[in-house]
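First up is the structure itself, then whatever we jot down about it.
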Amino acid sequence: MIQPPFSEEHEELRSSIRGFIDRELAPHSQQWEDAKWFPDEVFPKLAAQGLLGLKYPTELGGQGGDYLHEAVMCEEMARIGSGGTAAGIGAHVNIATPPIWKFGTDEQKQAYLVPAIRGEKIGALGITEPGAGSDVAGLRTSAERVDGGWVLNGEKTYITNGVRAHFIVTAAKTTPEGGHHGISFFIVERGEGVTSAKLEKLGWHASDTATIAYQDVFVPEEALLGELHGGFKLIMANFQWERLAMALGAVGAMRMAWERTAQFARERQAFGRPLSGHQVIRHKLADLAASAYQARCVTYDALRRFVAGEEPLREVTMAKLLTQRACFELMDACLQIHGGAGYMREVWVERAARDARLGPIGGGSDEIMREILGRILEAPPAP
Amino acid sequence: MAATAESVLKPDFKSEKKHFIFTDEHEALRESIRNFATKELAPHAEEWEETTFPDSVFRRMGELGFLGLDKPEEYGGQGGDYYSALVLAEEITNANSGGLAMGVAVHTDMAMPPILAFGSEEQKQEWVVPAIKGEKILCLGITEPDAGSDVKGIKTRAVRDGDDYVINGSKTYITNGHRADVIVLVTKTDPDAGYDGFTLFLVPMDAPGVIREKKLEKLGMHASDTALLAFQDVRVPASAVLGQVGKGFYHIMWELQGERLIGAAGMVAGAQKCFERTLQYAHERKAFGREIGKFQVIRHKFAEMATKIESARQMTYITAWRFNNGEYPVREISMSKLIASRVLCEVADECIQIHGGAGYMREYGIERVWRDARLNRIGAGTDEIMLDVIGRSYGL
């Protein structure tokens, strides 16, 4: 029985995405991880399958689907076997382009979203800075008014697609104070004054996560995305989907890692029988399966409510918090079941465990999720 | 569709939170059970910890129609769906008495289903009809001093003697064992037939040779009467056989699944209730000049607990949805029971911690929740049995 909110239609999409990833992307994941870079051609390849525009309207070149179709993609990207590659695709599809779709002018959509859906232009979202992460009110990058446009100065960091991106949807202060009422967004094209430096990381090796410096970067009037000083709203508008996308990614990753590890436990012999014939290993796998189901149920409920328009801040926050920690714990346990092999780079789980560690940090840390929930709980619903 | 700055800064807590498996009728039922439990049961919870809850609770619940919510109307039930049994399990937690909830659940969800499923018309008339009215009380006898989750090790024997059967053996940890009018008894009729050697009987508890040996003292669930029973040459007619001779093991295994899931719903609701009481306490109790709920570590404990509870609830609801739609999801039911019982125990323990010294004291009722909760990781299949079932379901 297909678990709500998905239906037969989504399962068909799922198997087609799965086939594509298994055929076209997964075989290269090791190579891309070693190279610490996946090729830009991945984007047009995905676009040819319609996978960069699942939720976008057909008049912009999208598939005319909705968030549920995108959700299937989020889940299945785990099959690439490279968190960094999935992150690069996800940053483009789930965080860089949605603000243009929701807040952009027709001209901006034609100039950026249409080529982004075709995989011809790659996008990045630039919010985090060396001095401000989850606390977005502390942003220092500034945009100053000049004739015919704005001049940007500042530094962004931990930017996925930060080296390869053709355009960076950038948050900057447009008042001296900045803060909730003084931030605006600009679509900044790579060009004079924009320099990127790639960062070395624990995991996500195939991703070109970078620090981006803006030095007297001029952008024209029409680069302003959404309302002047209205940037905080733009940030908030996509948080729920970004977090759901992460939760879905964890759900997909947990399923795949569990299946592979169970397979390994059935085949690997120790003390005269398969590993899975030892009760502690069997119980460990059973426990992990229960955790994966728990993560799936809490995520699918939040997704269902999100798609129904309920604005389920509480449920999405819970799903993000629970799944990211559960996913990392599952990966670590899978690594343990693999024993020495699990510690070796040639076995997938070493990478999966490193990649999963970002979950409880990225997209709002566990601590931020608990802060949000704590605040919600302080104001319980009126009886 | 997506959140706006306004909605994030000032979330709308009045948004629709009802899960899709429930209808307005379920919500009305929820309301009426909650009222009943809050007004008629909760005030006595403390006293019943000492005395066990009175049989009159069954009669009152029968009058109100709460003992047959999902049972057929022809036997006096309400003819409701499976979800209505979930609602009862959730709302009865408002009685603040784990022992009471357990006594009622054994009656409605453990002992009654096999009679309805496998009983003859006469048996249903004799036992189910008065049980739904709360006039007769049911119990279920599986566990023995030497056989718990390993049902195969059951030793209680029923031997054919002319038109009768003669039963000898003992059963333990039997909820409602002292108050029950009848027991659904698991016996071995053919010791050489393995799983095909078990037979269920409906044995009246006043039959000669049924001995209620002692009331067992327990860590928690004090409002419940838990019995050690002996059966000494108990003679019952062949018409007391429930279901088919030799099929007892399958009859009893079948019914455990639905009950486990209803149990999981009750555990989640129990955790939620404990959470809410503790949240209330965290608003009232001050330390170092402010409400303890204002301290970040305490706030984060609440966030963590709420997340665990919500995830266990979603597992339970969606699994109930599968069950109600004709699937028999043994794996997912086992997962839900496993996670829900753990969540309840962890939440109860964290709630004691937040209460500090008060949490350790009887008068706040939190230590009772903690003691009552602990049974859920053992009863109706231990954590370890759940893990075994889940592991086996994958062929591991």
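Bear in mind that the values in this text are calculations on the coordinates, not laboratory data. Keep in mind the model is a prediction, meaning the values are calculated, not measured. Here the Cβ is made from the backbone with ideal geometry for all residues, glycine too, and neighbour counts use every protein chain on show.
Rounded to the nearest 500, what is chain B's calculated 222 nm mean residue ellipticity when only DSSP H runs of at least 4 contribute -39500 (n - 2.57) each, over all residues?
Details: 14 runs with 179 residues, N = 396.
Helix-only estimate at 222 nm: -14500 deg cm²/dmol.
Give the relative contact order (percent, whole number) for chain A; include only Cα pairs under 8 Å separated by 6+ residues.
Numbers: 677 pairs, mean separation 59.5, N = 383.
So the answer I get is 16 percent.
Based on DSSP H segments of at least four residues, each scored -39500 (n - 2.57), chain A has a per-residue ellipticity at 222 nm of -14500 deg cm²/dmol.
If r is the Cβ-Cβ distance from B:ASP206 to B:SER56 and R0 is 22 Å, what FRET efficiency results, to the nearest 0.05? Working shown, then result.
On the way: r = 20 Å, r/R0 = 0.89.
The formula returns an efficiency of 0.65 here.
Amide hydrogen proximity for A:TYR158: with H placed 1.01 Å from N in the peptide plane, the residues at 5 or more positions away or on another chain lying under 5 Å are A:ALA210, A:THR211. Across segment B:264-280, rounded Karplus estimates of 3J(HN,Hα) from the backbone phi angles (6.51 cos²θ - 1.76 cosθ + 1.60, θ = phi - 60°) give 4, 4, x, 5, 4, 5, x, 5, 4, 5, 4, 4, 5, 4, 6, 4, 4 Hz, Gly and Pro being marked x.
Net charge within 13 Å of A:THR195 by Cβ-Cβ distance, Lys/Arg positive one each and Asp/Glu negative one each, not counting A:THR195 itself? Charge balance near A:THR195 sits at 0.
Dipole orientation for segment A:233-378: of the candidates A:ALA262, A:CYS297, A:ILE368, A:ALA262 has the Cα lying most toward the positive pole (charges on Cβ; Lys, Arg +1; Asp, Glu -1).
Hey, what did segment A:308-383 get for relative contact order, percent, Cα under 8 Å, at least 6 apart?
Working: 46 pairs, mean separation 26.7, N = 76.
Reported as a whole number, the value is 35 percent.
Under the convention that each Lys and Arg Cβ holds +1 and each Asp and Glu Cβ holds -1, the size of the dipole of the protein assembly as shown around its Cα centre is about 1460 debye.
Under the definition of partner shielding as Cβ atoms of other protein chains within 10 Å of a residue Cβ, what is the mean value for peptide A:280-289?
Numbers: counts 1, 2, 7, 8, 3, 5, 15, 9, 1, 10.
Per residue, the average neighbour count from other chains is 6.
Mind checking the mean number of beta-carbon atoms from other chains within 10 Å of the Cβ atoms in A:367-377?
On the way: counts 3, 0, 4, 10, 4, 3, 9, 11, 4, 5, 10.
Taking all residues of A:367-377 together, the mean is 6.
For chain B, count the residues as N, evaluate 2.2 N^0.38 Å, and divide the Cα radius of gyration by that value, please. Please report the intermediate quantities before stating the final value.
On the way: Rg = 22.0 Å, N = 396, 2.2 N^0.38 = 21.4 Å.
Ratio of Cα Rg to 2.2 N^0.38 Å: 1.03.
A simple spin-label model places the labels of B:HIS283 and A:GLU221 5.2 nm from each other, with each point 7 Å out along Cα-to-Cβ. In this simple spin-label approximation, B:ARG362 and A:MET344 carry label points 7 Å from Cα along the Cα→Cβ vector, and these lie 6.2 nm apart. If the label point is 7 Å along Cα→Cβ of A:VAL307, which residues in segment A:1-29 have backbone nitrogen under 13 Å from it? Flagged as within label range: A:2-14.
Between segment A:147-176 and segment B:344-376, the C-alpha centres lie 52 angstrom from each other. Projecting the Cα atoms of B:LEU100, A:GLY104, B:SER32 onto the dipole axis of the protein assembly as shown, where Lys and Arg carry +1 and Asp and Glu carry -1 at the beta carbon, places B:LEU100 farthest toward the positive end.
By the Cα gyration tensor, chain A has an equivalent ellipsoid whose semi-axes, rounded to whole angstrom, run 36, 23, 21 from largest to smallest. Computed from the Cβ-Cβ distance with R0 of 56 Å, the FRET efficiency linking A:ASN153 to B:GLU46 stands at 0.25. Report note on the peptides B:347-359, B:207-219, B:39-51, B:311-323: ranked by the mean count of other C-beta atoms within 10 Å, highest first, their order is B:311-323, B:347-359, B:39-51, B:207-219. Across segment B:374-380, rounded Karplus estimates of 3J(HN,Hα) from the backbone phi angles (6.51 cos²θ - 1.76 cosθ + 1.60, θ = phi - 60°) give 4, 5, 5, 7, 10, x, 6 Hz, Gly and Pro being marked x.
When only DSSP loop residues count, what chymotrypsin sites (Phe, Trp or Tyr not before Pro) in segment A:269-312 have their Cβ near at most 16 other Cβ atoms within 10 Å? Could you put the intermediate results ahead of the total?
Values: sites: A:PHE271, A:TYR293, A:TYR300, A:PHE306; in loops: A:PHE271.
Answer by residue number: A:PHE271.
Within 10 Å of each Cβ in B:297-304, how many Cβ atoms from other chains are there, averaged over the peptide? Could the numbers behind the result be given before it?
Details: counts 1, 1, 7, 7, 2, 6, 14, 9.
Counting other chains' Cβ atoms within 10 Å and averaging over B:297-304 gives 6.
Each Lys or Arg adds one and each Asp or Glu takes one away; over the other residues whose Cβ falls under 15 Å from the Cβ of A:GLU107, this sums to -3.
Expressed in units of 2.2 N^0.38 Å, where N is the residue count, the Cα radius of gyration of segment B:259-379 is 1.15.
Rounded to the nearest 0.05, what FRET efficiency is calculated for A:GLU144 and A:GLU367 with R0 set to 30 Å and r the Cβ-Cβ distance?
0.35
Residues in segment A:164-177 carry Karplus couplings, in order, of 7, 4, 7, 9, 10, 7, 10, 8, 8, 6, 10, 10, x, 7 Hz; the curve used is 6.51 cos²θ - 1.76 cosθ + 1.60 with θ = phi - 60°, and Gly or Pro positions show x.
Order the peptides B:259-265, A:161-167 from the highest to the lowest mean number of other Cβ atoms within 10 Å of their residues. The partial results should precede the final answer.
Values: B:259-265: 27.1, A:161-167: 23.7.
Ranking the peptides B:259-265, A:161-167 by packing returns B:259-265, A:161-167.
Amide hydrogen proximity for B:ARG285: with H placed 1.01 Å from N in the peptide plane, the residues at 5 or more positions away or on another chain lying under 5 Å are B:ILE292.
Each 10 Å bin from 0 upward holds the following percent of the Cα-Cα pairs of the protein assembly as shown: 3, 13, 21, 21, 17, 12, 7, 4, 1, 0, 0.
Here the contact order of segment A:71-130, divided by its residue count and restricted to Cα pairs under 8 Å and six or more residues apart, works out to 32 percent. Could you tell me how far the Cα centroid of segment A:320-363 sits from the Cα centroid of segment A:282-313, in Å? Taking the Cα centre of segment A:320-363 as reference, the centre of segment A:282-313 is 18 Å away.
With +1 assigned to the C-beta of every Lys and Arg and -1 to the C-beta of every Asp and Glu, and no other charges, what is the dipole magnitude of segment A:233-378 about the Cα centre in debye, to the nearest 20? Don't jump to the answer; show the numbers that get you there.
Working: 21 positive and 17 negative charges, 73 e Å.
Using only the charged Cβ atoms, the result is roughly 360 debye.
A cut-off under 9 angstrom between Cβ atoms defines the neighbours of A:GLU155, and their net charge, with Lys, Arg +1 and Asp, Glu -1, is +1.
Note on the protein assembly as shown: dipole from Cβ charges, positive end direction compared against A:SER276, A:LEU248, A:ALA47; the farthest Cα belongs to A:SER276.
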